[in-house]
């Protein structure tokens, strides 16, 4: 087959895959992780079940692919926020606010636990920890943040503290959580 | 049967059960959760396997009972620390140091996840959150801790931040984590 034809097929396959994951996203948004079933995904994507099964073996595989895409999007979003202008402390605050908002969206239950055991999550967590750690190190060097505790430890402190966002029901409470967490990073008054 | 006889039997059953859980504790300490098997428990408790099966249906049941006893002991330990003398902020620090040391001991893996899904853990977490929340409210009323965020939110912040202790390898790092976490509770300088 000519190269152009292969590229057309690849592009088509990619577009169908993305459409399937868009449907999964909508189903999760409307009814949680359990709402994603093969028949609903096929129907709402506008493809046959036989076609869907050529892309994904079961609903769990759809969810995993959707979740991987979500996590990648979140990392891009966080990197974009980090790269805005401001002092390290300001950029750190913006990154933590964004992360807390993401952590609030997290679904509960067995399926969520399963998704979060995936390697993509471990990888993303490591990436995010590195991002936060670098901002803290910058802030400590400039004097706005405490320099007497290793930045890697402070980064882990931040990310664990912000998991409390999962149980918060308001945006105001989420902002307070970030503000309190940042309080722990301030240099200790002598 | 006379009442005394029943009491003797009860006391005996209780002693055997405690001995089984003591063995489980030693096995976990030496080799982790997976080290607890019915044959090892029977052998090291000095009872027959048939006797052991009269008390527990399988190794998972032994682990669950051991874990329930652990969690109860930890709550007593935390309440004892809370009741020592000192300002609310000092007593809070002592409780959080104790809790961080406990959180550091937590085992990983599927079995640990299973144990922590137990109702006894939910109950203990609620109890601990209430204990921490009350100390924070006292400290806020006295002026040593920030009063502009609901104590319930601050308690959740503390307990989530301290889960970072699970990955820490030194006592010094654990102490720093508690110190940083307490930093988030200080009144914000104006």
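None of the figures in this text is laboratory data; all of them are computed from the coordinates on show. Quantities reported herein were computed from a predicted structural model and do not represent experimental measurements. When we count neighbours, we look across all protein chains shown, and the Cβ atoms used for this are built from the backbone with ideal geometry, even at glycine.
Observations on the structure shown:
- Leading residue by the ranking (farthest from the other protein chains (Cβ to nearest Cβ)) among those in segment A:169-190 that are buried (at least 19 other Cβ atoms within 10 Å of the Cβ) and part of a loop (DSSP other than H, G, I, E, B): A:185
- Residues that are free of Cβ contacts under 8 Å to residues at least 24 places away in the same chain, in a helix (DSSP H, G or I), away from chain B (no Cβ under 14 Å) and under 16 Å from the mean Cα position of the chain (by Cα) occur at least once in segment A:94-114.
- Some residue of segment B:125-137 being surrounded by fewer than 21 Cβ atoms within 10 Å (Cβ to Cβ), more than 20 Å from the chain's Cα centre (by Cα), free of Cβ contacts under 8 Å to residues at least 40 places away in the same chain and more than 12 Å from chain A (Cβ to nearest Cβ): yes
- In segment B:147-158, the residues that are more than 8 Å from chain A (Cβ to nearest Cβ) and assigned to a helix (DSSP H, G or I): B:151, B:152, B:155, B:158
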